[in-house]
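Scroll down for the structure; my scribbles are underneath it.
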């Protein structure tokens, strides 16, 4: 286990060096953050003039700042691209010959992206917190970071499982779009879950998607009592185990088909 962790870390370092080589992509990613916040700022300023909301305006802007920041850390569409390219172009066969198992290789890429994006975008997040006069407590930051770590693996294993369906499907983009729509709706990335009807909020409790945005963002904002952190952690880890088991099962079936018959 320790040897595999060392290999993953070493592979991640190599991928991080690759990420830093694309400076134009980095600049565009950094510029998109304040543009995104600017659009939402003017949109919600108009909305708040017209009606009252269950969350203060400054808190809402901090919420969206966190959602963008977390979205740059948590894996998603890129997992589909890795699988599709590997299967369709034959790169998967070469990956299977490496000393790391396929999931360990796959997690290295989004992990390197998460570290890179976190470091690059952290100053912008801090500037947004300053602009909206929000100072989080150290405890809330640590709880949010822990929940984001859980969310990373839930998202990774979930997207891996659905991406592995490319072993059977000619095109899996429809699945990607459907999954992303579910994530956006039930994670609270479009609007906070507290803005939505009660039945929708109740449904989100039984799904893993809220851990990918709403739960860690509300923990950062101080809206999650410390008495609930343990319960949320247990539920989150439960979803990590479920999505991991699902990903391993689908991937195992798919690899047998890939090596036995070709795709």
Run the simple label-point estimate for residue 58 and residue 233 please: 7 Å along Cα→C-beta, distance reported in nm. 3.1
Stretchable slack from residue 246 to residue 199, in nm (0.36 nm times residue separation minus alpha-carbon distance): 14.2 nm
Taking 61, 118 and counting other beta carbon atoms within 10 angstrom, the fewest-first order is 118, 61
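Since every read-out is calculated from the coordinates, none of them should be taken as a lab result. None of these values were measured; they are calculated from a predicted model. Counting neighbours? That spans all protein chains shown, and the Cβs are built from the backbone with ideal geometry, glycine included.
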